[in-house]
Every structure is written in structure tokens, then in C-alpha cells.
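Written out below as C-alpha cells is the structure these notes cover.
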Amino acid sequence: MNNYHTQSIENTIKDFNSSKEGLSSSQAIKLLATNGANALEEGKKKTLLHKVLAQFKDVMIIVLVVAALISGILGELTDSIIIMAIVILNAIMGIVQENKAEKALDALKSLSKPYSKVLRDNNIIEIKSEEIVIGDIVILETGDYIPADLRLISSASLQIQESSLTGESVPVTKSITQLTDNNLSIGDRINMAYSSCVVTYGRGSGIVIATGMNTEVGKIASYITDDTLSSETPLSKQLNKTGKVLSVIVVIAATIILITGLLQGRLFVEMFLISVSIAVAAIPEGLPAIVTVVLAIGVQKMSAQKAIIRKLPAVETLGSTEIICSDKTGTLTLNQMTVKELYFVDNSPSADDMKKLMYIMSLCNDTKISKEDGENKLMGDPTETALVSFASSYGHDKISLEKQFKRVDELPFDSNRKLMTTINKIEGKYHALVKGAPDMLIARCTKVLVNGQVITIKDSDIEKINQANKNMASKALRVLAFAYQEHIKQPTNLTSENIENNLIFVGLEGMIDPPRDEVKQAISTCRRAGMKAVMITGDHKDTAVAIATQLGILQEGQRAITGEELNLLTKEQLEEQVFQIAVYARVSPEHKVRIVQAWKSHGKIVAMTGDGVNDAPSLKAADIGIGMGITGTDVAKSVSDMILADDNFATIIVAVKEGRKTYANIQKAIQFLLSANTAEVLALFVATFIGWKFLFPIHILWINLITDSLPALALGMEKPDSDVMEHPPRKTGKSLFSGALGRNIIAQGVLQGCLTLGIYAYAITHFSVEVSITMAFLTLGLIQLFHVFNVRGINKSIFNSNFFSNRYVFLAVILSAFLQVSVVIIPALNNMFRTVPLTGNQWIIVVLTSFAIIPLVEVYKLIINLFKR
């Protein structure tokens with residue numbers, strides 16, 4: 001791209017065959033067809049075939065597919081079909097969930113279809129921003145998003161907020177002056193306007209010099225499509241590791257069983273089918289689908305609480321988050337400047353003094369007001385909209401005041417004077433209403449308004465005003481001073497020297513973007529939950545420290561540093577000091593990546609918020625990138641794992657709580673599934689070594705499909721424990737089976753296996769082999785259904801929890817029990833499932849043996865808890 005900031009307006013327009021009257025409609029149509037839409041490219045979506053193949057990459061699934069194929073070759077078509085049916089069902093569930101996630105993202109992108117005003121055929125028209133082409137003349141007004149990269153051709157007090165691109169929080173004052181330095185940074189190109197930025201003040205126009213992926217935003221977007229910064233989530237790592245371990249166990253166990261059977265003189269086909277049974281028993285084929293569904297349930301819960309999850313595993317990662325790096329503006333604060341303090345020379349101002357201050361606040365103000373859904377919407381500089389809102393709260397409506405006291409002239413704000421003046425006709429006189437920086441304005445005041453009377457300002461008054469200014473500033477308030485001057489005739493020589501001198505001082509105001517009410521409690525919860533909140537802001541250090549102290553982020557022994565100080569720290573120094581730094585002020589988005597990497601060097605799980613284009617690399621580098629739904633750019637949202645629909649820090653804590661609950665529910669589902677599978681493997685192993693004719697593959701598959709899946713899914717609906725936010729997050733790299741989970745799986749699996757073997761041993765001495773197999777089959781399935789109640793509290797007694805809090809568990813158990821029993825009591829299913837009808841006494845033995853798992857596990861938990869104490 002040419003350096004258009006060093007090129008004259010005339011030559012730039014000529015380069016694009018345009019004119020100050022804009023392109024013709026025919027030119028625009030041709031250019032749109034040639035260059036394409038003014039939009040950022042999206043990554044290629046996976047085809048259905050890619051999605052299908054991805055579902056079959058899992059090692060556990062591959063083992064099942066091989067087992068199904070060999071079973072089919074050996075003539076066991078029923079077993080083969082059922083195994084493949086389960087594999088296909090898992091694949092379908094995975095694809096459906098992936099499609100749902102894609103549709104949710106597409107819906108999110110379509111929420112906002114921006115429009116822009118352009119000059120075509122010498123007429124101002126409004127078109128979709130994506131239809132803008134190079135050479136178009138774009139009209140800019142306060143509140144407009146800039147749709148493409150522009151070389152400005154006109155400017156009237158134009159200020160543009162470029163934080164989304166440069167990280168600079170203060171709006172940049174623009175001009176149309178031709179620059180000379182080819183190497184200027186983007187932030188210093190004052191005659192350019194860039195896509196994704198927003199006009200905060202004034203108006204102007206510019207010629208489009210780049211669209212879509214050729215804009216500065218587009219260059220960053222092309223960079224972030226690289227997935228090198230993305231990392232696996234803790235749960236996906238653990239599940240992959242579990243899959244590999246289980247696959248090795250399957251191969252070893254199946255081989256041992258096969259060799260043992262052959263040495264016993266049994267047929268190869270028979271032993272192969274038994275080995276398949278072992279494989280099916282050892283592999284929790286429903287686990288990937290159940291984890292996906294439990295995560296999806298977490299996504300739905302979070303969405304209802306304004307946390308939109310874009311990447312499914314992020315739900316679980318949130319639960320292990322240890323560090324939350326948050327922007328200040330809009331996330332910790334309201335992103336709404338609010339007047340907090342007023343000062344008058346007399347501590348008890350009269351109604352006239354107050355009215356005069358409100359008049360200046362409202363009339364010396366360029367805020368635009370529009371009606372939306374019957375309510376006033378304020379558009380303009382945040383400082384000015386705060387003044388209008390404050391005056392309105394005292395009954396001084398800007399629209400009414402402007403109709404009554406018309407503006408006849410003005411001296412716009414500029415950065416040298418630091419003042420703004422409007423001339424308004426009020427009650428027959430022309431009032432110069434002035435607001436600005438206290439130090440600049442006070443020096444121009446010779447009088448002061450006190451109780452409705454104008455008197456000469458004294459040195460003591462000036463001293464009090466300066467002290468009040470200092471007091472407000474020490475609280476990180478943004479202070480403005482207000483004054484006026486009366487003229488009998490409308491001033492004609494409108495200069496600062498003529499109008500902005502010999503002013504009558506009225507008062508001061510102090511404003512701040514206040515913290516959100518709910519954030520202080522959220523920070524306290526964050527601390528109790530063993531997490532650390534860190535503030536990162538482009539704002540001034542004093543303001544950041546004031547807000548951070550008020551919220552409890554900055555505590556004794558911790559400190560705040562600026563971006564300039566951060567630049568002086570080496571990588572090693574930052575890693576060493578990062579634990580002591582709670583606030584980073586005046587930082588750019590580039591610093592965020594360093595902060596993330598410093599925390600990650602200590603093995604911490606880091607969440608990072610961001611809204612700007614330049615925040616994209618840090619959002620992607622973090623374990624959890626959190627985009628802003630209201631103020632966030634499309635680029636920032638597209639790389640985020642989670643989007644805050646309300647831009648609120650408290651929502652992050654809600655999401656963390658949901659993430660912890662989701663992980664706990666996944667652990668419960670895993671304990672339930674793997675303890676059941678342990679029981680199945682143990683029973684098959686022992687029975688095979690003894691030489692019993694035991695369960696068939698179809699029995700194990702049926703139990704895994706019916707009695708495991710539905711209850712395991714129901715466990716995903718468990719409510720969070722009351723102390724879920726009262727303990728530290730689990731450590732990174734900690735095994736999924738460390739602590740109670742691994743122990744419980746083995747111990748409770750052994751208990752279930754022993755009960756199943758016990759009932760078979762009893763039945764084989766009293767009844768036929770067919771009855772014994774049927775009783776063992778029923779018992780193994782029903783044991784697992786009763787066991788689901790044990791698992792609801794991993795180490796807690798079922799009598800300590802709210803037993804009836806999850807109705808889905810009861811529905812799942814009842815439905816699964818019905819299906820399990822039906823294959824025995826329905827004659828048509830007996831042949832398929834190799835079962836026989838049972839007598840009443842046999843049913844009683846089965847039910848009592850199955851129910852025994854509850855008191856046995858209660859005793860186990862009691863013993864474990866006594867040892868812990």
C-alpha cells in the first residue's frame with residue numbers, strides 16, 4: 001500500500017479515479033465485482049466429510065471399529081451391528097454439537113450489520129459497509145464506526161478513538177494536513193482514519209484507500225488465523241491420555257484372555273468374542289459424547305448468564321482458571337463517565353448558581369441526542385454525555401434548553417487552549433459559556449458567581465478552587481471547570497483572546513467511570529476461590545490505582561506499574577515480579593502478551609479480556625481469551641474462547657463457577673462410567689480364568705449404551721456444591737484421576753464386580769447356565785443404576801446432599817431400568833439378547849444384590865472420611 005498520509009488529497013483522489021463528488025454508481029458496481037466485499041475473510045469451514053473423519057480419530061473409537069469388523073467377519077453380525085451403531089451414534093452427536101457451535105457463531109456475527117454514509121453521484125446515500133469500495137468518499141460524524149481505511153479530505157474538530165487498533169485510550173485529533181515522514185506509526189498518521197475505529201467528536205470525510213483484508217485491521221486478521229498460539233485444554237489432554245492408557249490396557253487384557261482361553265483348549269472364535277467383550281467393557285465408548293453433552297449443558301447455562309462460549313472445551317478450562325487479567329474500562333467499570341462531585345466557591349450554592357452550572361454543562365456541549373424505543377440516546381464524547389446526563393437528572397433537558405437558548409456561534413475545543421466555548425442567546429443577552437481544564441480556565445477568570453451575585457474573585461477564592469481541584473484529582477476524578485461571560489450584542493470578533501478572558505467562574509465538577517456495583521463482590525469471590533484478578537488498562541496510573549484499590553484488586557504488598565516501566569523489565573525480571581504486580585496502567589495491547597506469557601511460565605491457567613484488534617494476539621495466547629460483546633471488535637471476538645454479552649467482570653466469575661461445576665459433573669460422569677467399566681472388566685477376567693460361560697459382547701454393549709449413558713448425562717445436570725467457589729482451582733497438569741477419583745473408580749468398580757460375580761457363583765450352583773447369565777446381566781446393569789446415586793456426591797454421603805435436587809437422575813434411572821428389564825421380560829427380545837425369563841425369587845435376589853451397592857459404598861465413604869479426619 002502507498003503511504004497515502006504523505007500524499008496530497010488531490011493526488012490520492014486522482015489515484016483512485018474518484019472525485020470530491022464521489023464515485024459514480026457504475027464505477028462502484030465494477031469495483032465491488034473486481035475487488036470483492038469490504039469484509040474480513042473467515043477461516044475455511046470444515047466440510048461434512050472432514051467432520052465425520054475427525055470423529056473417528058479417537059483411539060478408543062478405532063479399537064471398537066476394528067472389533068466390529070472382525071465380529072462381522074466371524075459371523076457375529078448382531079454384535080457387529082450394535083458396536084457400529086454405538087460408534088455412529090457417538091459420531092453423530094459430535095457432528096451435531098460442532099454444527100450447533102458454528103451456527104451460534106454465525107448468529108453472533110449477524111447480530112450487527114453496520115451501514116455507512118458515502119457520497120456517490122454527488123448524493124449522500126447509506127449503504128452496507130461491506131459494499132464500500134476503494135475510491136468511495138465516506139462521510140463521518142460523531143458515533144460512526146469507520147468502515148475502511150481512509151485518507152481524510154475534510155475535518156471539523158474531528159477526533160477518532162483508535163484504541164481498537166493502537167491501544168491508545170485517548171481519542172486522536174485529526175487533520176487533513178499532508179505529512180512528510182514515510183515511517184510514521186499508525187497512531188501518528190493524523191490525516192488517516194482506520195477501519196474498526198470510531199468517531200468520538202466532530203465530523204469529516206475521507207476517501208477509501210483500502211478495504212477488507214487490505215486494511216490495517218485485515219493485516220492483523222490474517223495473522224491471527226494462524227493457530228500456533230492455540231493450546232490444548234487441560235481436559236482434552238487428560239482425556240487423550242486416558243484414551244491411550246485404556247487402549248494399552250485393552251490390548252494387553254484381550255491378548256491375555258485370548259492366550260489363556262486357547263491354552264485351556266477353547267475355540268478361537270469363542271475366545272475372540274470374549275476378548276471383544278473385554279475391549280467393549282474396558283473402553284467407555286460413551287465418554288466422548290457424554291463429556292461433549294455435559295460441556296454443551298454448561299454452554300447453555302453460561303449463555304443464559306451472558307457468557308457466550310465459542311469453543312466447547314473452554315467451559316472446563318474456566319474451572320481451572322487461576323489468573324484473570326481484565327481491562328478496566330467497561331469490564332470492571334461501567335464504561336460510562338459519571339459526575340461524582342461538584343464544587344462551588346460557596347459551600348451552599350444557591351438555586352441560581354446550580355442552574356447556571358447546569359446550563360453550561362448542557363449548552364456548551366456537542367452531545368447529539370436521538371430517540372430509540374422512546375428513550376433518549378446520547379451520542380458523543382463520553383465526558384460530554386456525562387455532563388448532559390447529570391444536568392438532565394436535575395431537570396435540565398438539553399433538547400429543551402437548546403430550543404430556548406439557541407447556539408449562535410462557537411469556539412471549538414482544541415488541545416492548546418484546552419477550552420470550549422459556545423455563544424448562546426439567553427434572556428436577551430449573548431452568553432459565552434466556557435468549559436475546560438481548571439488550570440487554563442481559572443487563570444482567565446476575574447469574577448466569581450456566589451449565591452446569584454457576581455463578585456470580584458479573590459486570591460483566597462482561587463486558592464480554594466485550586467485545592468478543590470487537587471482533592472478531586474487525588475481521587476482519580478476527571479475535573480472540568482465552568483465559567484461564562486455576558487455580552488449585550490453578539491460578539492463578532494470570535495477569538496479566544498476576546499471571548500475567553502475576564503470570565504465569571506461558576507464551579508468545578510469531578511467525574512469518573514465508576515466501578516460496577518457487583519464487581520467488588522465478584523473480586524472478593526475470586527480471591528476466596530484461590531484466583532487472582534489483575535487490572536490491565538490504557539488509562540492513567542492514578543485512575544487505575546484508585547479503581548483497583550476501591551475494588552480490592554490492589555492490596556497491601558502489591559503494586560502498580562506503567563507500560564513504560566514494563567518496557568524496562570526483562571523477560572526474567574517480569575516473570576520474577578509478576579506475582580507482586582496487580583495493576584498495569586498505560587499499557588498497549590502488545591504488553592498483554594508479555595503479561596500472559598509471564599504468568600504461563602509459572603504454569604498458571606490465564607484468562608485475558610480484550611476488545612481491540614490489537615488485543616487478538618494476547619487473547620489467543622491466553623488459556624481463555626475473553627472478548628467483549630458490546631465494545632469488542634469482530635476480530636477480537638473471532639479469536640476469543642468466550643464472549644461477555646454484557647462486558648461485565650462479574651460475568652467472568654459466574655462463568656468460572658459454572659466451569660467448576662461442569663468439571664465436577666464431568667468427574668462424576670467419568671467416575672460413574674469407569675467404575676462400571678472396571679466392574680465389567682474384573683467380572684469378565686475372573687469368569688474367563690475360572691472357565692465360566694459368562695456374559696456376551698451384546699450384554700456389555702447393551703449395559704454401556706442404556707444403563708451408563710442416560711444416568712451419566714443426568715449427572716451432567718447436577719447443581720453446584722455449595723462450596724464450589726470456596727477452594728482453589730485444581731492445579732495444571734494434575735491427573736484427572738488424582739486424589740479421590742482414581743481411588744473411587746477402582747474401589748467402587750471392585751465392589752460392583754464382586755457383587756456380579758457373587759450372584760453368578762450363587763446362581764450357577766442353583767440354576768441353569770442361561771438363568772445364571774441372565775441374572776448376572778441384570779445385576780450388573782441394575783447395580784450401575786443404583787450406583788449413580790452414590791456418585792452424585794463423590795466423597796459425600798447421599799444423605800448429606802439434596803437427594804431430590806436433580807430430577808433428571810430419577811428419570812434416567814427409571815427409563816434405563818425399564819429398558820434393562822425389558823430385554824428379559826419381553827419374549828421377542830430373549831433370543832437377540834441371549835436371555836431367559838426369571839422367577840419371582842430370582843428377581844428378588846437380583847434386585848437386593850443390585851441395591852447392596854448403596855450401603856456398601858456408604859460404608860466405604862465413611863471409612864475414607866474417618867481416615868481423612
Heavy-atom accessible area of the range 326-444 with neighbours in place, 1.4 angstrom probe: carbon+sulfur share in percent works out to 46
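Kindly report the accessible area of the range 252-393 per residue (heavy atoms of protein chains, probe 1.4 Å, no ligands, DNA or RNA), in Å². Could the numbers behind the result be given before it?
On the way: 5450 Å² over 142 residues.
With all protein chains present, the range 252-393 gives 38 Å² per residue.
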Taking a crude spin-label model, label points 7 Å out from Cα along the C-beta direction, the residue 270 to residue 400 distance in nm is 9.8
So for the range 497-574, using the alpha carbon gyration tensor with a ≥ b ≥ c as root eigenvalues (a/c under 1.5 gives rounded; past that, a/b versus b/c decides prolate or oblate), I'd call it oblate
Of the residues 283, 759, 488, the Cα lying farthest along the dipole of the chain towards its positive end, which is defined by charges on the beta carbon of Lys, Arg, Asp and Glu, belongs to 759
So, for the Cα atoms of the chain, Rg and Dmax in Å stand at 35.3, 120
Excluding ligands, DNA and RNA, the carbon-plus-sulfur percentage of the accessible area of the range 756-869 with a 1.4 Å probe reads 72
With Rg from the Cα atoms and Rh as the Kirkwood inverse mean 1/r over Cα pairs, the range 609-715 has an Rg/Rh of 1.31
Quick calc, residue 244 & residue 559: beta-carbon distance into FRET formula, R0 51 Å, rounding 0.05, result 0.70
Here, residue 601 and residue 858, labelled 7 Å along Cα→Cβ, have an inter-label distance in nm of 5.5
With the 1.4 Å probe rolled over protein heavy atoms, the range 464-614 has an accessible area per residue in Å² of 43
Taking max minus min of the Cα coordinates of the range 374-448 on each principal axis, largest first, gives extents in Å of 43, 31, 22
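If r is the Cβ-Cβ distance from residue 53 to residue 572 and R0 is 45 Å, what FRET efficiency results, to the nearest 0.05?
The pair residue 53/residue 572 has a calculated efficiency of 0.50.
Per 0.36 nm of contour for each residue apart, how much would the distance between residue 497 and residue 34 grow if the chain were fully extended, relative to their Cα-Cα spacing? Write down the numbers at each step before the final one.
Working: separation 463, 0.36 × 463 = 166.68 nm, distance 5.43 nm.
Here the answer is 161.2 nm.
Write out the trypsin sites (Lys or Arg not before Pro) in the range 439-532 meeting two conditions: DSSP loop, and at most 16 other Cβ atoms within 10 Å of their Cβ.
Here the trypsin sites (Lys or Arg not before Pro) that fit, given the DSSP loop and packing criteria, are 458, 475, 489.
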Between residue 409 and residues 5 or more places away or on another chain, the pairs with built amide H atoms under 5 Å apart involve 423
Placing +1 on each Lys and Arg Cβ and -1 on each Asp and Glu Cβ in the chain, then taking the dipole about the Cα centre, the residue among 365, 253, 450 whose Cα reaches farthest towards the positive end is 253
Loop-resident GluC sites (Glu not before Pro) in the range 549-587 with no more than 16 other Cβ atoms inside 10 Å, DSSP not H/G/I/E/B, are 556
Quick calc, the chain, dipole around Cα centre from Cβ unit charges on Lys, Arg (+) and Asp, Glu (-), nearest 20 debye, gives 1860
Given a Förster distance of 41 Å, the FRET efficiency implied by the Cβ-Cβ spacing of residue 92 and residue 181, rounded to the nearest 0.05, works out to 0.10
Here the residues of the range 442-467 lying in the modelled label zone of residue 348, meaning backbone nitrogen under 14 Å from a point 7 Å along Cα-to-Cβ, are 451-452
Label model pair residue 770, residue 462: point-to-point distance (7 angstrom along the Cα→beta-carbon line) in nm is 11.2
Result for the range 780-853: accessible area per residue, probe 1.4 angstrom, in square angstrom, of 49
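For the range 113-166, with all protein chains present and a 1.4 Å probe, just round the carbon and sulfur fraction of the accessible area to a whole percent.
45
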Loop-resident trypsin sites (Lys or Arg not before Pro) in the range 761-861 with no more than 15 other Cβ atoms inside 10 Å, DSSP not H/G/I/E/B, are 796
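The values are calculated or read from the model by the stated rules, or taken from the named source; none is laboratory data. All figures in this text were calculated on a predicted structure; none of them were measured in a lab. Note that we place each Cβ from the backbone using ideal geometry, even for glycine, and neighbour counts take in every protein chain shown. Just so you know, the surface numbers come from the protein's heavy atoms only, side chains and all, with ligands and any DNA or RNA stripped out. Shrake-Rupley method; radii C 1.70, N 1.55, O 1.52, S 1.80 Å.
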